[in-house]
Amino acid sequence: MPRRTDIKKIMILGAGPIVIGQACEFDYSGTQGCRALKALGYQVVLLNSNPATIMTDPEFADATYVEPLIPEIAEAIIAKERPDALLPTLGGQTALNLAVALAHAGVLEKYGVKLIGASLAAIETAEDRNLFKQAMEKAGMLLPKSGYATTVADAVALGEQLGYPLVIRSSFTLGGQGSGLVHDRRHLREAARVGIAASPNGSILIEECLLGWKEFELEVMRDAHDNVVIVCSIENFDPMGVHTGDSITVAPAQTLSDRCYQDMRDAALRIIRAIKIEAGGCNIQFAVHPGSGEMRIIEMNPRVSRSSALASKATGFPIAKISAMLAAGLTLDEIPNDITQKTPACFEPSLDYCVVKIPRWAFEKFRITDRRLGTRMKSVGEVMAIGRTFPEALLKGWRALETGGDTLPEPAPAEALEALQHSLRVPSPERLRDLFRALAGGQHPSVIAELTGIDPWFLHQMQRITDFDRGLRGARWNDALVRAAKRLGFSDRHLAARLGLPETEVRRHRLAAGIRPVMKAVDTCGAEFQAETPYFYSTYEDECEVPESTRPRILIIGSGPNRIGQGLEFDDCCVQAALELKDRGYDVLIVNSNPETVSTDYDVSSRLYFEPLTVEDVLNVV
């Protein structure tokens, strides 16, 4: 059906200041939403308080208000602008909670403002832990055993009934705020007090702990005609017990059986229909028992999320843009795929590569902070890397963090393995490094899988890396050896360390031997159709998929992962430069590794290269 004609002006709510758990992925989604709705002919009013964002640049909305995201301010803007509709699903938890507050205060009814993208009932059902539990049980879904509490006394009573350990989950919060893992009554009392205080409606869910179960996510979209697509499957490297924002994640899912994946797809369709997401996207999280394959529903977000941004960049399917268009009344079969310009949005993306996301933390800035990872998110940013295989994408992602991952750590000596086993039991930012050290030191993947709950498949793939690295030690230059190392994902700097050569010499020898990467396209369709606006990643194969161009080119180097002191303000600079240079007739190339950003959107530059920001990787693009 065509776009809605009963609305002419739409107000978009942003996410406010950058906080841990809510970062520039919502600038990306809000910017996409503004551009999409203006292209459809709507007037767009934007409310956001963050001056570093791209969405608050004056050209993206017809009226932009850099004001606090609180009900009083929002009501004053609604009274002045008189929007016909409010779109809250692009601004994270902040926007959802503000929309709910405006609805409960009668503001939307008073000014005749329709809520689009997700209804009030859908938001409350998904975000209120008790209502979500009831809806899932009614739909026949299996959840962890749990109970609902609004007081510490109720929480303690439930704890005695369910048994320990337990997970506390707060309602209407972001990044796992107010959540935690508790092992006894004393910890439960404290966690319940914090969780109830963190929740806007003073409620928490107390559920059985599924520690060690595998965790998966599906990005799902539904339109007003009940068409539903699964955009992307994402597998968490870490098992349940680590917030998905603090886990390495892999797309598409690598260790699911086809039967389990089909069951998960079917469950996702039932869930999005049960919550009644009428037009838009959501993120659904599942737990799967590694032995029996039993599946449990963990939670869903009735909005775009950090995982949505990752899935968008991993697949080339712009979730936020299409969510905005669905909210405006279009259906999936009416929305064109911008990358192929031949297929509609109801075609599910097909991936012929592997994507790895690795979080970045900033504990060096907060030395007294507990470094253990749990159900509350602590990472400040993330990188995404693309390769033909998991080992290649993992090694590219690790060096993209810009924290010293250009070379593998040294193997753990035999006398250190016992201490390393102890540290591996507790998730921490050093876990990836410690896994490499333990595997290189001779620890078997099955032992590490038992300690950590990480699927043995991932550990065997990492062992491929450490075994190959062992063969590099003391080796002389050999074209076949170096070519195999590059295909596995090793950097020139690592090869230089192993072969006893300067990095510049490794590069010179490699190029002289014709060992150079080609660029492959992210085209949403596994090369079934020619991509018109694709983006690229490097790999050591034979065929390059970059189209020819005769226009002068300018390369813009992005700012990499978010960190304290370097955030989305530099993304704003890159995007403004790219748009201006494109207007002046240049082919603009962007190299960046951050999936949360607007600069890594498919249509900001002429060509986007999703690569680590190292000398080697940028020179490959050059």
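The values are calculated or read from the model by the stated rules, or taken from the named source; none is laboratory data. The shown structure was predicted, so the numbers you read here are calculated from the model rather than taken from an experiment. Ideal geometry is used to build each Cβ from the backbone, glycine not excepted, and the neighbour counts take in all protein chains shown. With ligands, DNA and RNA removed, areas are computed over all heavy atoms of the protein, side chains included. Shrake-Rupley method; radii C 1.70, N 1.55, O 1.52, S 1.80 Å.
Considering only residues in the range 253-264 that are crowded, with 16+ Cβ neighbours inside 10 Å and under 14 Å from Glu235 (Cβ atoms), the one that is farthest from the chain's Cα centre (by Cα) turns out to be Cys260.
Conditions tested, residue by residue: (1) of a type in the set (A, V, I, L, M, F, W, C); (2) over 26 Å from Asn50 (Cβ atoms).
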position	(1), (2)
Met519	yes, yes
Glu532	no, yes
Thr539	no, yes
Glu548	no, yes
Gly585	no, yes
Pro595	no, no
Leu613	yes, no
Leu619	yes, yes
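Mind counting the residues in the range 170-228 that are within 26 Å of Ala324 (Cα to Cα) and of a type in the set (Phe, Trp, Tyr)? Qualifying residue count, the range 170-228: 2. Only helices (runs of 4 or more DSSP H) whose full extent lies in the range 440-523 are considered here, and the ones with at least 3 residues that are of a type in the set (Gly, Ala, Ser) and over 22 Å from Pro413 (Cβ atoms) are 479-488. What number of residues within the range 407-439 are open to solvent by 20 Å² or more (accessible area, probe 1.4 Å) and in a loop (DSSP other than H, G, I, E, B)? Summing the residues that are open to solvent by 20 Å² or more (accessible area, probe 1.4 Å) and in a loop (DSSP other than H, G, I, E, B) in the range 407-439 gives 10. The test for being open to solvent by 10 Å² or more (accessible area, probe 1.4 Å) and at pLDDT 90 or above holds for Leu351. Residues in the range 172-214 that are among the acidic types (Asp, Glu) and either open to solvent by 10 Å² or more (accessible area, probe 1.4 Å) or assigned to a loop (DSSP other than H, G, I, E, B) (or both): Asp184, Glu190, Glu208.
With respect to being assigned to a loop (DSSP other than H, G, I, E, B), acidic (Asp, Glu) and open to solvent by 60 Å² or more (accessible area, probe 1.4 Å), Glu569 falls outside the description.
Considering the range 572-611 alone, what residues qualify as being of a type in the set (A, V, I, L, M) and either more than 18 Å from Ile358 (Cβ to Cβ) or open to solvent by 10 Å² or more (accessible area, probe 1.4 Å) (or both)?
Val575, Ala577, Ala578, Leu579, Leu581, Val588, Leu589, Ile590, Val598, Val604, Leu608
Of the residues in the range 223-244, not one is over 13 Å from the mean Cα position of the chain (by Cα), within 30 Å of Met462 (Cβ to Cβ) and open to solvent by 30 Å² or more (accessible area, probe 1.4 Å). Identification of helices (runs of 4 or more DSSP H) wholly contained in the range 22-138 with 3 or more residues that are more than 30 Å from Glu208 (Cβ to Cβ), open to solvent by less than 40 Å² (accessible area, probe 1.4 Å) and out of contact with any strand residue (DSSP E or B) (no Cβ under 8 Å at 6 or more places or on another chain) yields 25-39. Based on what the data block shows, is Ala149 over 25 Å from the mean Cα position of the chain (by Cα), surrounded by fewer than 22 Cβ atoms within 10 Å (Cβ to Cβ) and in contact (Cβ under 8 Å) with a residue 12 or more places away in the chain? Spelling it out, it is not the case that Ala149 is over 25 Å from the mean Cα position of the chain (by Cα), surrounded by fewer than 22 Cβ atoms within 10 Å (Cβ to Cβ) and in contact (Cβ under 8 Å) with a residue 12 or more places away in the chain.
Quick one: is Asp333 over 20 Å from the mean Cα position of the chain (by Cα), surrounded by fewer than 24 Cβ atoms within 10 Å (Cβ to Cβ) and under 24 Å from Thr89 (Cα atoms)? Steps first, please.
On the way: over 20 Å from the mean Cα position of the chain (by Cα): yes; surrounded by fewer than 24 Cβ atoms within 10 Å (Cβ to Cβ): yes; under 24 Å from Thr89 (Cα atoms): yes.
Against the criterion (over 20 Å from the mean Cα position of the chain (by Cα), surrounded by fewer than 24 Cβ atoms within 10 Å (Cβ to Cβ) and under 24 Å from Thr89 (Cα atoms)), Asp333 qualifies.
Taking the listed residues Glu382, Glu410, the one that is under 27 Å from Val598 (Cβ atoms) and among the acidic types (Asp, Glu) is Glu382, with no other qualifying. Within the range 12-21, which residues are farther than 22 Å from Ile335 by Cβ, out of contact with any Ser or Thr (no Cβ under 6 Å at 6 or more places or on another chain) and open to solvent by less than 70 Å² (accessible area, probe 1.4 Å)? Residues satisfying the conditions are Leu13, Gly14, Val19, Gly21. Just one of (1) open to solvent by 30 Å² or more (accessible area, probe 1.4 Å); (2) aliphatic (A, V, I, L, M); (3) within 27 Å of the chain's Cα centre (by Cα) fails for Leu459. It is (1). Does Thr343 satisfy the criteria of being closer than 27 Å to Leu613 by Cα, surrounded by fewer than 20 Cβ atoms within 10 Å (Cβ to Cβ), over 19 Å from the mean Cα position of the chain (by Cα) and β-branched (Val, Ile, Thr)? So Thr343 fails the test. Residues that are under 30 Å from Asn594 (Cβ atoms) and without any contact (Cβ under 8 Å) to a residue 24 or more places away in the chain within the range 413-425 comprise just one, Ser423. Residues in the range 139-171 that are of a type in the set (A, V, I, L, M) and part of a helix (DSSP H, G or I): 7 in all.
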